[in-house]
Structure formats: C-alpha cells, structure tokens
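Visitor: Sharing a structure with you now.
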Amino acid sequence: MTKAQSGKPAHTELTSDTKVTLAGRNPHAHHGYVNTPVYHASTQLYRTAEDYLAHKGPYFYGRRGTPTSEALEKAIQEIEGSACAGVALLPSGLAAISTALISVLRSGDHLLVSDSAYGPARTFCDTILSRCGITTSYYDPLIGGDIAALMQPNTRAVYAETPGSLTFEMQDIPAIAEVAHKNRALVLMDNTWAGPLYFKALEKGADLSIQSGSKYLGGHSDLMLGTVSANKETVQRLKDTAYTMGLCVGPDDMNLGLRGLRTLAVRLRQHCQSGLTVARWLEQRPEVLTVLHPALPGNPGHAIWKRDFTGASGLFSIVLKPVPEKAVLAFLDALSLFGLGVSWGGFESLVIPVDVKDCRSATKFEPGGPALRFHIGLEDVGDLIADLERGFAALAATRLSPT
Ligand SMILES: Cc1ncc(COP(=O)(O)O)c(C=O)c1O
C-alpha cells in the first residue's frame, strides 16, 4: 500500500534507520504487542479433517515456518530492497554458505571461488562439493572483469566475499556479475562485512547474498545464525534446498536476530566511525607498515568501496613492520580491552593474528610483516586507543629485553 492509499509512508520510502525498526513487524496481528511472539512450535493442529487435507492456513509444521521465522525473513527481505524475492534462515553463517552453494550446483558443474574467501567455505568446496562431482578453482579477488578468462563451459557459479574478512581485498561485483551472467553462471556473495545496510549485493549483481547473522545482525556474541537472500532467479531453489535438507533455526535464535536487527543501523554507524578513528590512528603509528581498511582513501580497494558501499563495519587488519614473534605476542597480551578470539560483529573489541597460509592457492598474501585483524566494538574509542598504546609500549619493551 502506498502513502497515498494508507496515509502512512510506504516502507520503501523510508531510510534504513527507520526500516530496521519497522521491518517484519505487525503488532496488531499479535494483540498489539510490539514484537512478534517467539513461537516454540513443531505440530500445528487443524480444526477439521477437511482443513487438514486442504492444508488450510499459512503454516503447516514448525520446521516449515512460523510467525517468528516469517517476521525475520520478511524483515531482511525489506532491508535488502526490491531485488530480493525471499530469504532463507540457516543455523549458522557456514550453513548459509553451504546451502546457497548446494542450491545452485549439481554434479559436473565448475565453481569459481575467491581466494580470499572464509576458510571453512573453501573446505566445504574442496571436500563435500568435490565428493558430489563439483570442481572448484580459486581466483584472485582483484580479478574484476578478467574473470572471463577463467570461465569454463561448465562454470555455473562464482562465489565471492568482499572485502575478504582477513585480508580486505575489494572485489568488483558488478563487473564479475556481468561476466558470470553472460556465461550463464550465478553469483553468490558473502556480504557479512557490510550487510545489506551498507552493500546492496542483489542490486549490484549477486543472485544470492549470504550473511553470518552471528556477526552484526546478532551483535552481542551470543548467537549462531545464517541468512541467504535470493533474487527471483534463485529463490525457489534456495527455499527448496533448505527445506529438503531439513534446515531450520530455533525460535529463540530467530528472536535474537530480530532483536539485533532493531539496533543494527545505530550500532553499525558506531562500529564504522570508531573503526575508522582507530584505523587512522594506527596508520600514523611508526610500528605499522600498512592498514588494510577499504574505507581509507589510500587503500587499493577504496575506489570500489566508495562507488558501491554506503558504509564500513568495524573489521579491518593491519600489518606491522617486521618484528620478532615475541614482540607481537607481547603486544597482544598487553591489551585488556581487545579480546583474543575468532568471529566479530559483537559489541566488544577483538584482535587476532592473521594467518592465511592454509587458505590460499591462486594468490599469495605476503604483506611484509606480521598481520593482525581488529574488530572495533562499541567501547569508548579513546579507551581503545589508550589500550593499543599500552600494547605498543609492550612491543617496544621486548626490544630492550635480552631474550
Ligand atoms: C566472512 C565470514 N563468513 C561466514 C562466517 C561463518 O559464520 P558462522 O560462524 O555464523 O558460521 C564467518 C565466521 O567467522 C565469517 O567471518
């Protein structure tokens, strides 16, 4: 219904900040309560035998969907925009990746995967897809339209992740999609870093856009969730595959996804702003060789980021000038506000050493020094910088110590 018909603005006319607060909600279908209830459900009962035989009503069985799953799917669909024809919810980001791939590939197909892709996604391709008779080859994430040279007659899909979530290469998705589509191949993309608020993957040419909802959507490091947004071309295959494989998400986890969504815009804005403040500060540090953050003007991927993205998240890497490993460990151990742990997208700051030697085959990542990945959380940015200063002091102190 448009504004003219209802007197209220259509959701499509609203900004993302407002959309995330409204999307997927229908209070008056739930006695006026603001949030959709959490349906813990398996069996759904019918009033009569006739109703049962006719499968009367919008739902059928817990695994096939409830008002809770529908609320989250619709919310994500609205935020993706008009190019999105439907969303599937999966129990983790990795399950979203594997389900999306399986939904578009069959035995005999060839798949192109970005060399910067999340490691476990590669493992899925090299093991399970390989056993299914699907071959994978890896491409340089900077390839752009030159991916044409890698297309084989049986290439049916390209799987991209931009930026790479450890090494931050930016990919030219519109150029890759143009080539892929000319060759009858589909484009799948891991859009967890920016999410649909900052990168409209489906509008830029992807046919399936994947998010680990465990990251910013959940936002509190207490959720495992995956989502796949599909266009008209891929939605039925995606839904059928998720259903046939018996994949569904627990209701409390879907509710955490919905709850996270309501504050996503404001949280992401803070992650973006604090992330850039820390990244710029790190750029000036004498111990730092380079900062791998596509929203920084000097970054090789900056032009693509500026053209296609409307924001950045709080995840980026740095490369230190060469120092012994013990200096890096001293730096990490001296930090008290940065947790040492994998994953990202929660309210808290994190840091890990970057090691991609086991997940590269088409390219080499030789940055010239030890690399560290930071997630900048929602703490005060001045406190974070003071913590990093303590880390650099500990790193410098190792130079003075005899061993
Ligand atoms: C870029 C990226 N995609 C996907 C995943 C997998 O998500 P999940 O941990 O929810 O399975 C991760 C996890 O760290 C990730 O970093």
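Visitor: What shape does segment 290-403 take by its C-alpha gyration tensor, where a ≥ b ≥ c are the square roots of the eigenvalues and a/c under 1.5 counts as rounded, a/b above b/c as prolate, and the rest as oblate? Don't skip to the end; give the middle numbers.
Guide: Values: a/c = 1.89, a/b = 1.28, b/c = 1.48.
In terms of gyration-tensor shape, oblate.
Visitor: Counting just the Cα atoms, what span does segment 49-171 cover along each of its three principal axes? Round to the nearest Å and put the largest first.
Guide: Rounded to whole Å, the extents work out to 58, 32, 24 Å.
Visitor: Still on this structure, I have one more. Which one, LYS326, LYS56, LYS364, has the greatest fluctuation when you compute a Gaussian network model over the chain with C-alpha springs under 10 angstrom?
Guide: Among LYS326, LYS56, LYS364, the largest GNM mean-square fluctuation belongs to LYS56.
Visitor: Could you go through segment 383-395 in sequence order and give the Karplus-derived ³J(HN,Hα) for each residue, using 6.51 cos²θ - 1.76 cosθ + 1.60 with θ = phi - 60°, rounded to whole Hz, and x for Gly and Pro?
Guide: These are the phi-based 3J(HN,Hα) values: 5, 5, 5, 4, 5, 5, 4, 5, x, 5, 5, 5, 4 Hz.
Visitor: Scan around TYR139 for amide H atoms under 5 Å from its own, H built in the peptide plane at 1.01 Å from N, and keep only partners 5 or more places away or cross-chain.
Guide: So TYR139 has HN proximity to VAL113, SER114, ASP115.
Visitor: How far, in nm, would the chain grow between GLN270 and ARG63 when pulled straight, counting 0.36 nm per residue and subtracting the alpha carbon separation?
Guide: Length difference between fully extended and current span is 70.9 nm.
Visitor: How far is the Cα center of segment 96-137 from the Cα center of segment 255-283, in Å?
Guide: 31 Å
Visitor: Contact order normalised by length for the chain, with contacts defined as Cα pairs under 8 Å and 6 or more residues apart; what percent is it?
Guide: Values: 801 pairs, mean separation 65.1, N = 403.
Once divided by the residue count of the chain, the mean separation gives 16 percent.
Visitor: Between segment 32-86 and segment 182-248, what is the separation of their alpha carbon centroids in Å?
Guide: So the separation of the two Cα centres works out to 19 Å.
Visitor: Relative contact order for segment 65-164 using alpha-carbon pairs under 8 Å, separation at least 6, rounded to a whole percent? Don't skip to the answer; put the middle values down first.
Guide: Numbers: 104 pairs, mean separation 29.0, N = 100.
Across segment 65-164, relative contact order equals 29 percent.
Visitor: Return, for the Cα atoms of segment 87-142, the radius of gyration and Dmax in Å, separated by a comma.
Guide: 11.2, 31
Visitor: Give me, ordered by chain and number, the residues 5 or more places off LEU14 or on other chains with an amide H under 5 Å from its own placed amide H.
Guide: Correct list: empty.
Visitor: Moving on. For segment 328-336, what does the Karplus curve 6.51 cos²θ - 1.76 cosθ + 1.60, with θ = phi - 60°, yield as ³J(HN,Hα) per residue in whole Hz, taken in order and with x for Gly and Pro?
Guide: Values per residue, Gly and Pro as x: 5, 5, 5, 4, 5, 5, 7, 7, 10 Hz.
Visitor: If I take the Cα coordinates of segment 363-402 and project them onto the principal axes, what are the three extents in Å, biggest first?
Guide: 36, 36, 9
Visitor: Taking θ as phi - 60°, what are the ³J(HN,Hα) couplings along segment 37-46 by the Karplus curve (6.51, -1.76, 1.60), each to the nearest whole Hz, with x for Gly and Pro?
Guide: Listing the rounded values in order: x, 8, 8, 8, 8, 10, 6, 10, 8, 10 Hz.
Visitor: Let me ask you something else. Considering the chain as a Gaussian network with a 10 Å cut-off on Cα pairs, which listed residue, ALA371, ALA194, ALA41, attains the greatest mean-square fluctuation?
Guide: Taking springs between Cα atoms under 10 Å, the residue moving most is ALA41.
Visitor: Mind checking which aspartates and glutamates have their C-alpha under 12 Å from LYS19, skipping anything on the same chain fewer than 8 residues away?
Guide: Within reach: GLU78, GLU80.
Visitor: In Å³ and rounded to a whole number, note down the convex hull volume per residue for the Cα atoms of segment 9-79.
Guide: Numbers: hull volume 8.2 nm³, N = 71.
Each residue corresponds to 115 Å³ of Cα convex hull volume.
Visitor: Specify the residue with the greatest mean-square fluctuation among ALA148, ALA157, ALA201, computed from a Gaussian network of the chain linking alpha-carbon atoms under 10 Å apart.
Guide: ALA148
Visitor: Whose amide H sits under 5 Å from the amide H of VAL288, counting only residues 5 or more places off or on another chain, with H placed in the peptide plane?
Guide: Amide H neighbours of VAL288: LYS321.
Visitor: A further question follows. Output the pairs from LYS56/LYS239; LYS326/LYS357; LYS182/LYS215; LYS200/LYS364 with a Cα-Cα distance over 25 Å in this structure; if there are none, say none.
Guide: The pairs that break the limit, which is 25 Å between Cα atoms, are LYS182/LYS215; LYS200/LYS364.
Visitor: In Å, what is the Rg of the alpha-carbon atoms in the chain, and how long is Dmax?
Guide: Spelled out, the Cα radius of gyration and Dmax of the chain are 22.4, 84 Å.
Visitor: Let's see if you can work this out: charge +1 on each Lys and Arg Cβ, -1 on each Asp and Glu Cβ, no other charges. What is the dipole magnitude of segment 137-265 about its Cα centre, in debye to the nearest 20?
Guide: Result for segment 137-265 is approximately 380 debye, rounded to the nearest 20.
Visitor: Give the cross-link partners of LYS321 among the aspartates and glutamates, using a straight C-alpha distance below 17 Å as the criterion and excluding same-chain residues fewer than 8 apart.
Guide: Hits, sequence-local ones excluded: GLU283, GLU287, ASP355, GLU366, GLU389.
Visitor: Right, another one. When a/c reaches 1.5 or more, the comparison of a/b and b/c decides; with that in mind, is segment 174-279 rounded, prolate or oblate per its Cα gyration tensor?
Guide: It comes out oblate by the Cα gyration axes.
Bear in mind these aren't lab numbers, they're just calculated from the coordinates by the rules spelled out. As the structure is a prediction and not an experimental result, all values here were calculated from the model. We place every Cβ from the backbone using ideal geometry, glycine too, and count neighbours over all the protein chains shown.
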